[in-house]
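One structure is given below, encoded as structure tokens.
The values are calculated or read from the model by the stated rules, or taken from the named source; none is laboratory data. The shown structure was predicted, so the numbers you read here are calculated from the model rather than taken from an experiment. FYI the Cβ positions are ideal-geometry reconstructions off the backbone, even for glycines, and counts take in every protein chain you see.
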Amino acid sequence: MPQVLAAAGDDLLVGVRHGGPEPRPGIVRIGPDGASTALTVTPTSGYGATASWYSLDYDGRQVVGIGGDRGGAHGNVRWSVWTGSGTAVQEQGQAFSTFGGWGAGGLVDSVLTAGGPVVVGSWQSADAGLDVALWSADGATWVRRDSTGTPLASTRDALGFPLDVAALQQGLLVVGWQLAAGTGGSAPVAWRSASGQEPWTRTPLPDAGTSGAATAVRCVESTCAVSGRVDGVLALWRLTGDRWSRVADVPPVPVGARGPLPAPLNPAGPLVQVVPDGARITILRLDEAGSTQRPAEGPTGTAVSAVEAGGSLFLLAGANQEELELWRADASALRLPT
């Protein structure tokens, strides 16, 4: 079953979990001609051998990914981190305390940056709740940076929750939401590093209504597009250089607090966003003239990921996380720039 997507140029990587009495993770590379090739996937731990994919990133040369499987007395996710190339990926075995144990939160995404692969998640704060946390590789060992005293840290006034990350030039852009003390409301927020993993700034996203979150991000060069929700409906934001703006003329598509939402396609514009439409899925296109919508013929349920590779739009959708299917359409037919 397909679980995650990662695109680079003409190639698509699909993180899959093979079923049967002994489930195992796998990765398939799909080329522009539709031909598929299985990568060699080598686990080094028991939980890695049965892991589901939570994240995968690919830049045409390198791969980084997060796997996980539940186990232990409390049924928590036992995380695994994977690296490799477009032909073979290996689990990098870590001590349990690297991603788990006392103080651990969860992992949300992995990303390849100019300075190397990074994993993003959360960890117990020295002040309040959980901090946004980042891990980077020191050889084969993954090391968590202390977020205390940085904009990644939660405080008694604002608790931060990361949901997605993208590489942005020489740095990183993490998006999510924060909970302000005493209000009970959430607000969409972005954390940005100028170079590598420091220094960081935290920016509340504009026109955020009374409650909302930034759930997914995609960056190309110096421009990023973010999807999320404000007051129960779809919201999109764009970062151009250092300026944030909320995208105008977005139709009020209902978006649930727990439902997945793919990152926008083509951040520089025209923006293309895959959105829920009851049991159907709709392709929303936004440009200077306004917005247009067209149904996605075939896929139903909820879309969890959408990427473009080799002139095609690939969509991962299904009734739930256990029934996902991979769909492919001509990007030009959906009025996507190729």
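Of the numbered conditions (1) loosely packed, with under 13 Cβ neighbours inside 10 Å; (2) within 26 Å of MET1 (Cβ to Cβ); (3) in contact with an Asp or Glu (Cβ under 8 Å, 6 or more places away or on another chain), GLY290 satisfies every one except a single condition; which is it?
Here GLY290 meets the rest and fails (2).
Output the residue which, of all residues in the range 73-105 that are in a loop (DSSP other than H, G, I, E, B) and at positive phi, is surrounded by the most Cβ atoms within 10 Å (Cβ to Cβ).
Here is the first cut: in the range 73-105, the ones in a loop (DSSP other than H, G, I, E, B) are 73-75, 86-87, 92-95, 100-103.
Those still in the list that are at positive phi too: 75, 101, 103.
Details: GLY75: 8, GLY101: 10, GLY103: 15.
Filtering first and then ranking leaves GLY103.
State which residue pairs qualify: first residue among the aromatic types (Phe, Trp, Tyr) and inside the range 103-125, second residue surrounded by 21 or more Cβ atoms within 10 Å (Cβ to Cβ) and in a strand (DSSP E or B) in any location, beta carbons under 7 Å apart, and separation of 6 or more residues or different chains.
Close Cβ pairs (under 7 Å, with a partner that is surrounded by 21 or more Cβ atoms within 10 Å (Cβ to Cβ) and in a strand (DSSP E or B)) amount to TRP123/ALA104; TRP123/LEU130; TRP123/ASP131; TRP123/ALA133.
Would you confirm, using the coordinates I've provided, whether GLY60 is surrounded by 13 or more Cβ atoms within 10 Å (Cβ to Cβ), part of a loop (DSSP other than H, G, I, E, B) and not aromatic (Phe, Trp, Tyr)? First the steps, then the outcome.
On the way: surrounded by 13 or more Cβ atoms within 10 Å (Cβ to Cβ): yes; part of a loop (DSSP other than H, G, I, E, B): yes; not aromatic (Phe, Trp, Tyr): yes.
Judged against the criteria, GLY60 is a match.
Restricting the search to the range 267-284, which residues are within 22 Å of CYS224 (Cβ to Cβ) and buried (at least 19 other Cβ atoms within 10 Å of the Cβ)?
PRO267, LEU271, VAL272, GLN273, VAL274, VAL275, ILE283, LEU284, listed by residue number.
What strands (runs of 3 or more DSSP E) completely inside the range 150-224 contain at least 1 residues that are under 15 Å from the mean Cα position of the chain (by Cα)? Don't jump to the end; show me each part of the working.
Numbers: elements: 158-168, 171-180, 186-195, 198-204, 212-220.
Those strands (runs of 3 or more DSSP E) span 158-168, 171-180, 186-195, 212-220.
Testing ALA180 on (1) surrounded by 22 or more Cβ atoms within 10 Å (Cβ to Cβ); (2) in contact with an Asp or Glu (Cβ under 8 Å, 6 or more places away or on another chain), one condition comes back false. Which one is that?
If we test ALA180 against (1) surrounded by 22 or more Cβ atoms within 10 Å (Cβ to Cβ); (2) in contact with an Asp or Glu (Cβ under 8 Å, 6 or more places away or on another chain), just (1) comes out false.
So, of the residues in the range 231-266 that are more than 24 Å from GLN321 (Cβ to Cβ) and in contact (Cβ under 8 Å) with a residue 60 or more places away in the chain, which turns out to be surrounded by the most Cβ atoms within 10 Å (Cβ to Cβ)?
LEU239
Could you tell me how many of the residues in the range 114-140 are modelled with pLDDT under 95 and out of contact with any Gly (no Cβ under 7 Å at 6 or more places or on another chain)?
Going through the range 114-140 one residue at a time, the tally reaches 10.
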